[in-house]
1. Filter region 173-188 down to residues that are open to solvent by 40 Å² or more (accessible area, probe 1.4 Å) and in a helix (DSSP H, G or I) and give me whichever is nearest to Thr78 (Cα to Cα).
2. Name every residue in region 189-229 that is part of a loop (DSSP other than H, G, I, E, B) and either open to solvent by less than 10 Å² (accessible area, probe 1.4 Å) or within 19 Å of Ala135 (Cα to Cα) (or both), in order of residue number.
3. So which residues in region 75-101 are within 17 Å of His213 (Cβ to Cβ) and open to solvent by 60 Å² or more (accessible area, probe 1.4 Å)?
4. Where the second residue is outside any helix (DSSP H, G or I) and at pLDDT below 95 and the first is closer than 29 Å to Asp100 by Cβ and lies in region 155-179, which pairs have Cβ atoms under 6 Å and are six or more apart or on separate chains?
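The values are calculated or read from the model by the stated rules, or taken from the named source; none is laboratory data. Model, not experiment: these values are computed from the prediction. Cβ atoms come from the backbone with ideal geometry, glycine included; neighbour counts cover every protein chain shown. Ligands, DNA and RNA are stripped out before the accessible areas are found, and what is left, the full protein with its side chains, is counted by its heavy atoms. Shrake-Rupley method; radii C 1.70, N 1.55, O 1.52, S 1.80 Å.
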Amino acid sequence: MASRKEQKERAREARLAAEREAATKGAKARRIRLGGGGGVLAVAAVAAVAVAIASGGGGGSGAGSPITPAPNGVKLPTPKLSDLAAAAKAAGCVSIDTPDSVARTDQNRTHVDPSTKVTYQTNPASYGPHYPAPASDGEYKPGGTPKAGFVVHAMEHGRVEYQYRPGLAPADVKELEALFSEAEGQWTPGQLLLLFQNTTGMPYEVAATAWGHVLGCKTFNPLVFDALRDFRLKYTNQGPEQLGTGPE
């Protein structure tokens, strides 16, 4: 007879499998509705008081409507630094890396109703309770950024997200779109990647997030591209739920 611990583990595995199946069906239905559109320093301490990000408000409606940006001819600086810590330091960026023992607990991976307001421990959010449907891969135009509960769920599925502060110069946004359209290592342009305007008042001009990880850059400068590239290479498809490498 299975022990109580084994029974609990089997029940948990069954629950996660059911959630993965529901998420996959939801993403497929969402793509159909949208017409097939798809889509560092040393570890920085999180502030003692949690950053309150109202997951239920601000930043577009629902899960948003992503697009795939076309190549825009913008030429970016040639990659030079392939080490994330070195690239982040050179660009003046900081890292917030939450231990798996915190970020991957059942409490931080639970689903909540989309009307629920969630307080996240980092800004931008990088882990925590989230909405049942994940945001889809692609670029979201200003005004269409998904609410935090949707983009957090996408990170749980291994997505990396590039974010920029409102008011960033249009020329800089075009450079981020060009970066989105790059292939990095084994990842094709836009694969397992989101790009959007931040709506949570983050203290950075540009940032990258993955489950449990934040790269925050106070100023947008030519050196941030290597840091963003290296972040994507390190954390893509490293979330606690890996549902394959196709579009969400």
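1. Start the filter on region 173-188 by keeping residues that are open to solvent by 40 Å² or more (accessible area, probe 1.4 Å), which leaves 174-175, 182-183, 185-186, 188.
Right, trim to in a helix (DSSP H, G or I) and you get 174-175.
Values: Lys174: 16, Glu175: 13 Å.
The selected residue is Glu175.
2. Here is the first cut: in region 189-229, the ones part of a loop (DSSP other than H, G, I, E, B) are 189-192, 198-205, 211-212, 218-223.
Of everything in region 189-229, those that are part of a loop (DSSP other than H, G, I, E, B) and either open to solvent by less than 10 Å² (accessible area, probe 1.4 Å) or within 19 Å of Ala135 (Cα to Cα) (or both) turn out to be Pro189, Gly190, Gln191, Leu192, Asn198, Thr199, Thr200, Met202, Trp211, Gly212.
3. Applying the first criterion (within 17 Å of His213 (Cβ to Cβ)) to region 75-101 yields 83-89, 91, 93-101.
Result: Asp83, Lys89, Pro99, Asp100, Ser101.
4. Matching pairs, first to second residue: His157/Leu243; Gly158/Gln242.
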